[in-house]
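What follows is one structure encoded as structure tokens, with my remarks underneath.
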Amino acid sequence: MSLYRDEGVVLRTQKLGEADRIITVLTKRAGKVRGVAKGVRRTTSRFGARLEPFSHVDLQLHEGRSLDVITQVETIRPYGEALVADYPRYTAGTAMLETADRLTLGEKEPALRQFLLLVGGLRTLAEREHEARLVLDAYFLRSLAVAGYAPALSECARCGAEAVRAFAIAAGGVVCGSCRPPAATVPAAETIALMIALLRGDWPLADASEPRHRTECSGLVAAYLQWHLEHGIRSLRHVEREQAREPGREWWPSAGEPGAASPPGAARGFDPKPTPNSHIFRA
Ligand SMILES: [Zn+2]
């Protein structure tokens, strides 16, 4: 068995046996790794607190036959401490961890750009310079782009025409008048400009955007993300529940309501039927 070191962000943990945990980490070099942390649920464990979700850690692992064993942990940045006291930031961070987990399908397949995006997203969230939902939407758009699902935002996703108006999730982004499917939404031009700004990292433009355009942007990005994943991002519903407390923002269904999540297997591919969420965008 060989030893290796890597740094990574803890995505999730699960109990194993009496005192152990399986820790899922998105690492810088090896990609997603599942490692056993032995004895971490005992109160005397040196590791326990360092291996919580959100923690950016430096790890030493022993390669095992099925799962690797974590033998050393040093904390680089404990982002959980900065996020746990602020519910909107915490739920946005949880949605980032879940998305990073879902967009990196294979274990030990290097995913350096997804790792760097996640660390950057958590750091920006913890620094509190930009609204949590803007940071989350920027993270969603960029991680989708890295995964090969960048939405078309400046020319028609189907024919390349420059005069675009509607947004059609199944078509892959903005569409022109001739390519527009019946269920496509017609967002404000400022909303599309906000999406472009978030994808490019143009924070002055994003921070100056109006609340109604941010709300519309979040709806489009969330629906677009869900289209590209086989199941809904569960933690998004908590983000939405928080937003729904503000009047006029009840555009995203809660868990259990019609349209809350795509059925398993329905999201991939180019099904011509409207997505389960598309009713909320119809003009
Ligand atoms: Zn077109």
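Considering the zone a paramagnetic label at residue 16 would reach in this model (a point 7 Å from Cα along the Cα-to-Cβ line), which residues of the range 60-81 have amide N under 17 Å from it? Zone members listed by number: 60-73. Of the residues 130, 228, the one with the fewest other Cβ atoms within 10 Å heads the list, and the complete ranking is 130, 228.
I need the GluC sites (Glu not before Pro) found in the range 139-222, filtered to DSSP loop residues with at most 11 other beta carbons within 10 Å of theirs. Display every interim value, and only then the final one.
On the way: sites: 155, 162, 190, 216; in loops: 155, 162.
Here the GluC sites (Glu not before Pro) that fit, given the DSSP loop and packing criteria, are 162.
Across q = 0.13, 0.20 Å⁻¹, the range 1-127 modelled as identical point scatterers on its alpha-carbon atoms has Debye log10 I(q)/I(0) values of -0.48, -1.13, in the order of the q list.
Residues whose amide H comes within less than 5 Å of that of residue 161, counting only those at least five positions distant or on another chain, are 156 (H built at 1.01 Å from N in the peptide plane). Amide H to amide H, with H built 1.01 Å from N, residue 12 comes under 5 Å of 24, counting only residues 5 or more places away or on other chains.
With a Förster radius of 35 Å applied to the C-beta separation of residue 130 and residue 105, the computed FRET efficiency comes to 0.75. Between residue 7 and 28, 29, 59, the built amide H atoms are under 5 Å apart, and every one of these is 5 or more places off in sequence or on another chain. If you wrap the range 59-213 in the convex hull of its Cα atoms and look at it from every side, the mean projected area works out to 11.5 nm².
Grab the beta carbon distance between residue 81 and residue 43, set R0 = 22 Å, and tell me the FRET efficiency rounded to 0.05.
So, using R0 = 22 Å, E works out to roughly 0.65.
Each other residue within a Cβ distance under 10 Å of residue 171 adds +1 if Lys or Arg and -1 if Asp or Glu, for a net charge of +2. Electrostatic bookkeeping for residue 190 treats Lys and Arg as +1 and Asp and Glu as -1; over the other residues with beta carbon under 11 Å from its beta carbon, the sum is 0.
Sequentially through the range 152-161, phi angles give Karplus couplings (6.51, -1.76, 1.60; θ = phi - 60°) of 6, 10, 10, 9, 4, 5, 9, 10, x, 4 Hz, Gly and Pro residues having no value and appearing as x.
Listed values for the range 25-38 are Karplus-derived 3J(HN,Hα) couplings in whole Hz (6.51 cos²θ - 1.76 cosθ + 1.60, θ = phi - 60°), namely 10, 8, 9, 5, 9, 8, x, 7, 10, 10, x, 8, 10, 7, and x replaces Gly and Pro.
Values in this text are rule-based calculations from the coordinates and carry no lab data. Everything quoted here is computed from the prediction, not taken from an experiment. FYI the Cβ positions are ideal-geometry reconstructions off the backbone, even for glycines, and counts take in every protein chain you see.
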